[in-house]
Amino acid sequence: MNPRFFYGLVASAVAAAFVIYEYALPEYIKMGGYLVPVIIALSIVAVALILERLITLRRIRGTQELRTFAERLQKSLEAGDVTEAIDACRSQGGCLANVVGAGLERFHATGARASSPEARMMETRRAIQEANALESPVLERNLIALSTIASIATMVGLLGTVMGMIRSFRAMATTGAPDAIQLASGISEALINTAGGLFLAIVAIVAYNYFTARAEWFSHMIEETAFDVLETLGQRAERSHGRAA
């Protein structure tokens, strides 16, 4: 994510959190104190990051399901039609098609000028590696931020718990009868912040694990498909070189 956009998102989330705290929350939640807007701001940022990941994962998948696309691609290559495979990659879009398509285009372009099948395959493999290096960061973007929010939410909830308990014990420490209002207020502050922080942490952790698993699956599909494509192209290059000799 662009740093300027991220900072703008955080600033907007903070402003929206204080507006929600002042005008939209019931009084019993406001008793959680001024750590409640912090939890709300973190929640807004987390929701924005989750939506960004969902949209991005849908976009990088492409138009077809990945295994269906890989099978279609392999059939074209086994039939010897590299041009059709390149067109399939262009119509598919997404990370897998971009990586494999870069290799196929390099293979097609080096057909006439390659000195040997090994040199041709080396160029093809280099193109795939370069494309993969460009696409990999997209799979993991914003995951660190989501993990950080999960950790911060837990700490903010714990901080609210401690602050609420301090207020409660201070009310109990007064001479004579304890201040019941202060005691109840402190307990409410502790419980509200604990609940809010833990709920946000649970959602962020679940989302982080899900997106991490999806990123690993995408990476595995790219590696598997690229390996199969290189194997098929290597055999084709050997046959072409043998006929030319």
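Count, please, the residues in region 211-241 that happen to be surrounded by 15 or more Cβ atoms within 10 Å (Cβ to Cβ) and within 18 Å of L139 (Cβ to Cβ).
10
Return the pairs, sorted by first residue and then second, in which the second residue is in a helix (DSSP H, G or I) and of a type in the set (A, V, I, L, M, F, W, C), the first residue lies in region 3-14 and is over 18 Å from I50 (Cβ atoms), the beta carbons are less than 7 Å apart, and the residues are 6+ apart or on different chains.
That search, which allows pairs on different chains as well, returns V14/A41.
Within region 13-67, take every residue that is part of a loop (DSSP other than H, G, I, E, B) and in contact with a helix residue (DSSP H, G or I) (Cβ under 9 Å, 6 or more places away or on another chain) and give me the one that is surrounded by the most Cβ atoms within 10 Å (Cβ to Cβ).
G32
Test E123 against the stated conditions and say whether it is more than 23 Å from the chain's Cα centre (by Cα), assigned by TED's automatic domain parsing to the domain that holds L49 and either in contact (Cβ under 8 Å) with a residue 60 or more places away in the chain or more than 27 Å from L35 (Cβ to Cβ) (or both).
Criteria not met by E123.
Would you confirm whether any residue within region 204-214 is touching a Ser or Thr at 6+ places or on another chain (Cβ under 7 Å), part of a helix (DSSP H, G or I) and in the same structural domain as V36 (by TED's automatic domain parsing)?
Yes, some residue in region 204-214 is touching a Ser or Thr at 6+ places or on another chain (Cβ under 7 Å), part of a helix (DSSP H, G or I) and in the same structural domain as V36 (by TED's automatic domain parsing).
Among (1) at pLDDT 90 or above; (2) farther than 28 Å from E78 by Cα; (3) among the aliphatic types (A, V, I, L, M), there is one condition L191 misses while meeting the rest; what is its number?
If we test L191 against (1) at pLDDT 90 or above; (2) farther than 28 Å from E78 by Cα; (3) among the aliphatic types (A, V, I, L, M), just (1) comes out false.
Hey, among the residues in region 68-84 that are free of Cβ contacts under 8 Å to residues at least 40 places away in the same chain and assigned to a helix (DSSP H, G or I), which one's surrounded by the most Cβ atoms within 10 Å (Cβ to Cβ)?
F69
May I ask you to list pairs of residues, at least six apart or on different chains, whose Cβ atoms are under 7 Å apart, with the first in region 126-145 being at negative phi and the second being surrounded by 15 or more Cβ atoms within 10 Å (Cβ to Cβ) and among the basic types (K, R)?
Qualifying pairs under 7 Å: A127/R106.
Considering only residues that are modelled with pLDDT under 85 and buried (at least 17 other Cβ atoms within 10 Å of the Cβ), look in region 111-128 and name the one that is farthest from L230 (Cα to Cα).
A114
For E78, all conditions in the list (1) under 30 Å from A16 (Cβ atoms); (2) more than 21 Å from the chain's Cα centre (by Cα) hold save one; what is the number of the exception?
With (1) under 30 Å from A16 (Cβ atoms); (2) more than 21 Å from the chain's Cα centre (by Cα) applied to E78, the lone miss is (1).
If you check A88 against the conditions, is it buried (at least 20 other Cβ atoms within 10 Å of the Cβ), more than 30 Å from F6 (Cα to Cα) and among the small types (G, A, S)?
So A88 fits the description; yes.
Would you mind telling me which numbered condition in (1) crowded, with 17+ Cβ neighbours inside 10 Å; (2) under 19 Å from the mean Cα position of the chain (by Cα) V10 fails?
Single failed check for V10: (1).
The values are calculated or read from the model by the stated rules, or taken from the named source; none is laboratory data. Please read these numbers as outputs of a predicted model, since none were measured by experiment. We place every Cβ from the backbone using ideal geometry, glycine too, and count neighbours over all the protein chains shown.
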